[in-house]
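Nothing in this text is a laboratory measurement; each read-out follows from the coordinates by a stated rule. Just so you know, these numbers come straight off a predicted model, no measurement behind them. Every residue, glycine as well, gets a Cβ built from its backbone with ideal geometry; the counts of neighbours run over all protein chains shown.
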Amino acid sequence: MKLAKLALISAVSLTSVAAVGTSAFAEEKANMKSKTDVTFIEDTSTTDPNNPENPNEKVTPENPDDHEKGTKGPLSINYVSNLHFGEQVISGNDQTYFAKLDKVKQGSKTVEVPNFVSVTDNRGTNAGWKLKVKQNAQFKSGNSELTNAALSLSNPVVNSVTDAQYAPTTFKNKVTLAPGGDAVEITTAAKNKGMGDWTTAFGKGTEQGKQSVSLFVPGTTAKEKGAKYSAELTWTLEDTPN
């Protein structure tokens, strides 16, 4: 009985010594604070447009001299397709003509894409924006006018590398421009939408793109043989969606 009691006391004593030893050699610590910071400045550069079908790829106009340069600044229009309807046979019947696909340079190769407009919002305010277009006047060639001709845009598709939850909205199905009339809304980004680079294409893919920009010309409208009729569109990017 006395032996058992001594053994228990010895075990407890050894455990206590071990604990004291660990405490005596504990690692010492030192703390120091550092700082980190970032300063943002406004983007005043121009931005190359994205491919409307593959927003990971940047593109440039096939013929840069035929296009106005992209606007500078944090809220910018980077590119707008010119709409070419080509040569058409004169007809005394109502006709609808479709614009050719746009051609852009992607690296060293030329690719066909639906006609499109490219915009960028790098303001950092997430305030939203609105893209509009206006047809300044009717198609004309000198003093000859395509009376009652109507230009329409259809099948709008927005695209970006930005997550789809931040996508702006577009018009439904089709809009027809009134020569000399009010501007028509094309794409609208509400607050906390539309940040970064966005394209609005007319048609999803090249096949639909071939049928998405149309020009209606009445058969009763006079057409001058060999004349090239043209019209000018003005695109406006407003800094508020309201």
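Summary of computed values
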{"item": "Shape of region 94-157, Cα gyration tensor, a/c cut at 1.5", "result": "oblate"}
{"item": "Between region 97-123 and region 174-210, the Cα center-to-center distance that results, in Å", "result": "13 Å"}
{"item": "Rounded tilt (10° steps) of 2-24 against the dominant C-alpha axis of the chain", "result": "50 degrees"}
{"item": "Among (i) 17.9; (ii) 22.0; (iii) 17.3, the entry derived from the coordinates for Kirkwood radius over Cα pairs in Å", "result": "(ii)"}
{"item": "Least to most buried among Thr39, Thr199, Thr169, Thr110 (fewest other Cβ within 10 Å first)", "result": "Thr39, Thr110, Thr169, Thr199"}
{"item": "Within region 66-149, GluC sites (Glu not before Pro) in DSSP loop having at most 13 other beta-carbon neighbours inside 10 Å", "result": "Glu68, Glu87"}
{"item": "Sorted by Cβ neighbour density within 10 Å, fewest at the top, the residues Tyr166, Tyr79, Tyr97, Tyr229", "result": "Tyr97, Tyr166, Tyr229, Tyr79"}
{"item": "From phi via Karplus (6.51, -1.76, 1.60), per-residue ³J(HN,Hα) for region 189-203 in Hz, x at Gly/Pro", "result": "10, 6, 4, 6, 10, x, 6, x, 8, 9, 10, 10, 9, 9, x"}
{"item": "Cleavage-rule hits (trypsin sites (Lys or Arg not before Pro)) in region 144-200: DSSP loop, at most 13 neighbouring Cβ within 10 angstrom", "result": "Lys172, Lys191"}
{"item": "Length released on extending from Asp94 to Thr36, taking residue separation times 0.36 nm less the Cα-Cα span", "result": "14.1 nm"}
{"item": "Pair Trp235, Asn126: separation of 7 Å Cα→Cβ label points (nm)", "result": "2.7 nm"}
{"item": "Integer Hz, Karplus 6.51/-1.76/1.60 couplings in order for region 77-85, x for Gly and Pro", "result": "9, 8, 6, 9, 5, 7, 9, 10, 9"}
{"item": "Residue exposure sequence - Asp163, Asp121, Asp239 - by fewest surrounding Cβ within 10 Å", "result": "Asp163, Asp239, Asp121"}
{"item": "Computed helical MRE - 222 nm, the chain, DSSP H runs ≥ 4 contributing -39500 (n - 2.57), nearest 500", "result": "-3500 deg cm²/dmol"}
{"item": "Long pairs among Lys58/Lys228; Lys58/Lys103; Lys100/Lys191; Lys130/Lys223; Lys58/Lys174; Lys58/Lys204, criterion Cα-Cα beyond 25 Å", "result": "Lys58/Lys228; Lys100/Lys191; Lys130/Lys223; Lys58/Lys174"}
